[in-house]
Amino acid sequence: MTNAIQSLPQRKMGEAIDRIRAALRLAPRGPRKPTYLFYRHTIAVRALHWINAACMLVMLMTGLQIFNAHPALYWGITSHFDRPILSMTAQGTDDNYRGVTKIGPWTFDTDGIFGVSDSDGVRTVRGFPAWATIPSASPSLTLGRLWHFAFAWLLLFNALAYFAYAFWSGHFAKDLLPTKKDFTDLPHDIVTHAKLQFPKGEAAKHYNSLQRLSYFFVLCVLGPLIVLTGLTMSPTMDSAFPSLLWAFGGRQSARTIHFIVAFSFLGFFFVHMAALIASAPLNGLRSMITGYFAIEKEKADV
């Protein structure tokens, strides 16, 4: 691929990035260099990635629907309904009330989003708003649980398929398993990413330290943690494996950890998208669809 066939959306995106860099008072990007296509992602990685993304979206939105059945979190072996560590509720009178979110001793006015929000044009007392849940009507605990558990199985099988492929193909050892060099490079990569300076040329063919460490953390820490805390909330699983309750400090603590891990996945998604948009949005998106990523030629290749 060369600059001569650079698409209009790419040019507009490049102009947007230039404006962002100018707003942040960063040095303007240099002239674009000739590029060539590099086969970055295999079809197996791409297919499993998109199935995983769809499952995670449904899991998050159905999970918020389940949370709405009792929009509060607790810590410990038993629930102290008068002492939640987080709650989304309404305060006021029957005719005049507002949505509030309480975190520990602090109360925040979150009217319109958390606690009270519009549902089909009607102000409704609910934890998360209709646009954030599947199904949108709330409370709908039964339907939310059916969707959640169905996609949990799909997500689990997809994850097992991903790990099987990653180990079999060497993708895990080559691209995901952190090395000592990744920890050494981490401070430098944090600074360069903060300055919107991303790898070019040969360096762009491989994951940098931030990518390897974050992907490893998501796959090998957050993934197992959300599965185990989800299992701990099941009385049947607790009977079969009582050590789960001991490990997570009770069912309510497991529910709270499950909630935190779910939003950690969401936080990872936003950072992932921000890095993609700031670096090479269309190039990165194309590589996850076709597998091919455009690499800038080094001087020796030009």
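The values are calculated or read from the model by the stated rules, or taken from the named source; none is laboratory data. Here the structure is a predicted model, which is why all the values come from computation and not from measurement. Glycine also receives a Cβ, built like all others from the backbone with ideal geometry; neighbour counts cover every protein chain displayed. With ligands, DNA and RNA removed, areas are computed over all heavy atoms of the protein, side chains included. Shrake-Rupley method; radii C 1.70, N 1.55, O 1.52, S 1.80 Å.
Taking all protein chains together and a 1.4 Å probe, the residues Leu60, Leu146 rank Leu146, Leu60 from largest to smallest accessible area.
Neighbours of Ile289, meaning other residues whose beta-carbon lies under 13 angstrom from its beta-carbon, give a summed charge of +3 when Lys and Arg score +1 and Asp and Glu score -1. Computed packing ranks the peptides 281-293, 124-136, 165-177 as 124-136, 281-293, 165-177, most packed first, by mean other Cβ atoms within 10 Å.
Between Ala53 and Ile20, the FRET efficiency from the beta-carbon distance, with R0 = 22 Å, is close to 0.30. Close lysine pairs were tallied over the chain: pairs 8 or more places apart or on different chains with Cα atoms under 16 Å apart number 7. Per-residue extension of 0.36 nm, minus the Cα-Cα distance of Ile43 and Lys12, leaves a gain of 8.3 nm for this segment. The alpha carbon centroids of the stretch 133-197 and the stretch 62-104 are separated by 29 Å.
Under the simplified labelling scheme, the Thr179-Glu202 pair shows an inter-label distance of 1.3 nm, with each label point 7 Å from Cα along Cα→Cβ. Compared with the direct C-alpha span, the chain from Ser279 to Thr35 gains 86.3 nm at full extension, assuming 0.36 nm per residue. Report the one residue of Ile85, His171, Leu141 whose Cα lies farthest in the direction of the positive end of the charge dipole of the stretch 45-177 (charges on C-beta: Lys and Arg +1, Asp and Glu -1; origin at the Cα centre). Ranked along the dipole, the leading option is His171.
Among the listed values (1) 1.06; (2) 1.03; (3) 0.98, the one matching Rg/Rh (Cα atoms, Kirkwood Rh) as calculated from this structure is (2). Over the chain, DSSP H runs of length four or greater, each weighted -39,500 (n - 2.57), average out per residue to a 222 nm ellipticity of -17000 deg cm²/dmol. Compared with the direct C-alpha span, the chain from Ser264 to Asp94 gains 57.6 nm at full extension, assuming 0.36 nm per residue.
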